[in-house]
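Below is one structure, written out as structure tokens; the observations come after it.
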Amino acid sequence: MEQEHPTPGSGSFAFLFDGSGGATAAPPDEVVTRRWSEAESGFSWHHLWRDDPDTPRILAESDLDPSVIQALTADETRPRCTVHGRGVVLNLRGVNLTEGAEPEDMISVRFWLDQHRVIGVWIRPLQAVTDIVGAVGREAAPVSPGDLIARLGLRLADRAEPSIAALNEQIDDLEESCLLYTSDAADDLLCVD
């Protein structure tokens, strides 16, 4: 039976993972209230749209420290990884691949990870996150919170590579122009009549 998976561009979504590569889309309230035992191998991923009116309530019901909630919902972020108690706050950035956007206008995605939960927050859609949701739809789901984040990191790097290659070409062109200019200027200085 084909399961309908959430559309990341539509805002918030949630999954329950079995820890063996399977996952099912889940109602967000079920994910918030789900409590895992130490022996269970599964985990949940609840990805929230920061500006959704339900997001503050959901984060408050998730038993997160107020400083973690503040980090997940901050207006401005820098990439970081901070251990906090039995979990990690992780801020990542990806190249803005929205048509017409400047790639250097990076898009942030913020995460709380612990043994059985991934709580993500975004302000704008990020295609690397959509890639992970697509893998879930192809029955190739991550097996742990760390696996989910590692896959996301790879997708961020893969999607950034064309922009980085273009910037490297621009840098090479600038370097060549500078060398030609410097060489011409040196020749002018040496050619004194």
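Couple of notes before you dig in:
- ASP29 falls short on exactly one of the conditions (1) at pLDDT below 90; (2) assigned to a loop (DSSP other than H, G, I, E, B); (3) not aliphatic (A, V, I, L, M), and that condition is (2).
- Subset of segment 129-159 [touching a helix residue (DSSP H, G or I) at 6+ places or on another chain (Cβ under 8 Å), surrounded by fewer than 23 Cβ atoms within 10 Å (Cβ to Cβ) and among the small types (Gly, Ala, Ser)]: ALA135
- When residues of segment 47-58 are limited to those that are part of a helix (DSSP H, G or I) and open to solvent by less than 50 Å² (accessible area, probe 1.4 Å), the one farthest from PRO125 (Cα to Cα): ILE58
- Restricting segment 75-97 to residues that are out of contact with any strand residue (DSSP E or B) (no Cβ under 8 Å at 6 or more places or on another chain) and touching a residue at least 24 places away in the same chain (Cβ under 8 Å), the residue that is farthest from ARG117 (Cα to Cα): LEU97
- Scanning segment 8-26 for residues that are in a helix (DSSP H, G or I) and surrounded by fewer than 16 Cβ atoms within 10 Å (Cβ to Cβ) yields a total of 2.
- Assessment of segment 36-46 against the conditions (within 21 Å of the chain's Cα centre (by Cα), modelled with pLDDT under 90 and buried (at least 18 other Cβ atoms within 10 Å of the Cβ)) yields no matching residue.
The values are calculated or read from the model by the stated rules, or taken from the named source; none is laboratory data. All of these numbers come straight from a predicted model, not from anything done at the bench. FYI the Cβ positions are ideal-geometry reconstructions off the backbone, even for glycines, and counts take in every protein chain you see. Quick note on the areas: whole protein, heavy atoms, side chains included, nothing else; ligands and nucleic acids left out. Shrake-Rupley method; radii C 1.70, N 1.55, O 1.52, S 1.80 Å.
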